[in-house]
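Accompanying notes for the structure given below.
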Amino acid sequence: MNSLRICFPFFIIALAATLAAQTSAPAPADASKAENSHDRDVASIIALEKRDADAAKVNDVDALVSLWTDDGVLLQPGAEPVIGRAAIRQLLQQQKRTNRRDRYSRLSGKLEGTTHSWR
């Protein structure tokens, strides 16, 4: 029992030293790798945003859906979550059909059976 009392503090010190070594700042070579990884991540995010914006501009449902994973969740204000690539595709196709029907003619001021007055 006495040997346990003597060894226990040394065990705690060794454990603390090991944890401190694992949480210390990365070595310079590791820092360079982390910086390069960060730069690649940022570039990938920017490229993804561009693909999304380009596809949204032309309402390309296939391109938009390709940006989602099979378990993706689309959250829109005031709407229930849309879960999964198939459900997201269905929603985007429905929105595309609705947008086609609701095209606004600036010359006539008409919106699918409704006349708007200009003020």
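Just so it is clear, none of the values below were taken in a lab; they were calculated from the coordinates. Quantities reported herein were computed from a predicted structural model and do not represent experimental measurements. Counting neighbours? That spans all protein chains shown, and the Cβs are built from the backbone with ideal geometry, glycine included.
So how much slack lies between A43 and D70, counting 0.36 nm per residue of separation and subtracting their Cα-Cα distance, in nm? Could you put the intermediate results ahead of the total?
Numbers: separation 27, 0.36 × 27 = 9.72 nm, distance 2.32 nm.
Here the segment from A43 to D70 would lengthen by 7.4 nm.
Listed highest first by mean packing, meaning other Cβ atoms within 10 Å per residue, what order do 40-47, 89-96, 54-61, 74-81 come in? All intermediate terms of the calculation are to be shown ahead of the outcome.
Working: 40-47: 10.0, 89-96: 14.8, 54-61: 12.9, 74-81: 8.5.
Going from most to least packed, we get 89-96, 54-61, 40-47, 74-81.
Using only the Cα atoms, what convex hull volume per residue in Å³ does segment 30-86 have?
114 Å³
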